[in-house]
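Colleague: Quick one: the structure is below, questions incoming.
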Amino acid sequence: MAAPKVNQVLSGVNGLEIKVNKFDTIQQGARHIFNFHIFNGQDGIGLKDPDVVNCSFHLYTEWGGDHIVEEWNNVFTDVWDIEFSVAGKNFSRTGEYSYIIQCECIACGVAQENLGGFTTTGFEVTATGEPAQLNLYFFLLFLMSILLVWSLWSNNFIFQIFIGIMMILMSLTIYKGYLTNGIGVGSAVVAIFFSLIGLYVMYMGILETLNENATRKRGKGIIKH
């Protein structure tokens, strides 16, 4: 499960306020532009002069804490927007990422003071750019647990085969979520575990069905004799 996103902004009468656009996920391998605005914490006035405002951008992976991107040349676009463009190769793997934007303003405002501020937040990279449907995956895990218990109490071998097939299909759905949406390696391990159990349940159902049919045939042969 993805950790909750945390936003931290250093602000106050002697600081800068940095406001970023909010998003939770981006697409794997796609270029992404990180936009933000900067405000003077003393008077709330937006800053748009590249001669006095300098910012840096730092991108990290949450699974290993790797510092994979560091950029210093911020670009002002559309007067107020400041942006950093990050190449898609930096998002080659699905999972959780975080970034820090740190800014300094030289001789800001009426008081001509040097001000600074930062903001940090996290997001996920998924194969489609859409949020992982965690509720669906948890429901499938719960349903497979119910099916497993049901198969242990059932004497209907055809039904056991059906349960085994359903467990395999649901396990494959969860594993696909791990590959495409980065739902966590633990989910993938559980999916593999349930798929193996599904194969076993299906195998036992088929074996018992064949044995039952063979017994019936032998019984009919004795009666005819």
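Colleague: For the stretch 20-41, which residues satisfy the criterion of being more than 20 Å from VAL52 (Cβ to Cβ), assigned to a strand (DSSP E or B) and touching an Asp or Glu at 6+ places or on another chain (Cβ under 7 Å)?
Modeller: THR25, ILE33, PHE34 - these are the residues of the stretch 20-41 that are more than 20 Å from VAL52 (Cβ to Cβ), assigned to a strand (DSSP E or B) and touching an Asp or Glu at 6+ places or on another chain (Cβ under 7 Å).
Colleague: I'd like the full set of residues that are among the aliphatic types (A, V, I, L, M) and more than 20 Å from VAL86 (Cα to Cα), limited to the stretch 38-52.
Modeller: Matches in the stretch 38-52: ILE45, LEU47, VAL52.
Colleague: Another question, then. Checking the conditions here, which among GLU96, GLU83, GLU70 is among the charged types (D, E, K, R), touching a strand residue (DSSP E or B) at 6+ places or on another chain (Cβ under 8 Å) and without any contact (Cβ under 8 Å) to a residue 40 or more places away in the chain?
Modeller: When all the criteria are applied, what remains is GLU70.
Colleague: Among the listed residues LEU47, LEU59, identify the single one that is aliphatic (A, V, I, L, M), out of contact with any Leu (no Cβ under 9 Å at 6 or more places or on another chain) and not assigned by TED's automatic domain parsing to the domain that holds LYS176.
Modeller: Exactly one residue qualifies, and that residue is LEU59.
Colleague: When GLY41 is evaluated against the numbered criteria (1) among the small types (Gly, Ala, Ser); (2) surrounded by 15 or more Cβ atoms within 10 Å (Cβ to Cβ); (3) under 27 Å from GLY95 (Cβ atoms), which criterion, by number, is the only one it fails?
Modeller: (3)
Colleague: In addition: Collect the residues in the stretch 53-67 that are out of contact with any Gly (no Cβ under 9 Å at 6 or more places or on another chain) and without any contact (Cβ under 8 Å) to a residue 40 or more places away in the chain, keeping them in residue-number order.
Modeller: GLY64, GLY65, ASP66, HIS67
Colleague: May I pose another question? Give the number of residues within the stretch 70-99 that are under 21 Å from the mean Cα position of the chain (by Cα), surrounded by fewer than 17 Cβ atoms within 10 Å (Cβ to Cβ) and either aliphatic (A, V, I, L, M) or at pLDDT below 85 (or both).
Modeller: Residues that pass the stated criteria total 1.
One line per residue, one yes/no per condition, for (1) of a type in the set (Phe, Trp, Tyr); (2) under 16 Å from the mean Cα position of the chain (by Cα); (3) modelled with pLDDT under 75:
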residue: LEU141; (1), (2), (3): no, no, yes
residue: TRP150; (1), (2), (3): yes, no, yes
residue: ASN155; (1), (2), (3): no, no, yes
residue: ILE168; (1), (2), (3): no, no, no
residue: ILE174; (1), (2), (3): no, yes, yes
residue: GLY186; (1), (2), (3): no, yes, yes
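The values are calculated or read from the model by the stated rules, or taken from the named source; none is laboratory data. What you are looking at is a predicted structure, and each value in this text was computed from that prediction instead of being measured. Neighbour counts are summed over all protein chains in view; Cβ atoms, including those assigned to glycine, are modelled from backbone coordinates with ideal geometry.
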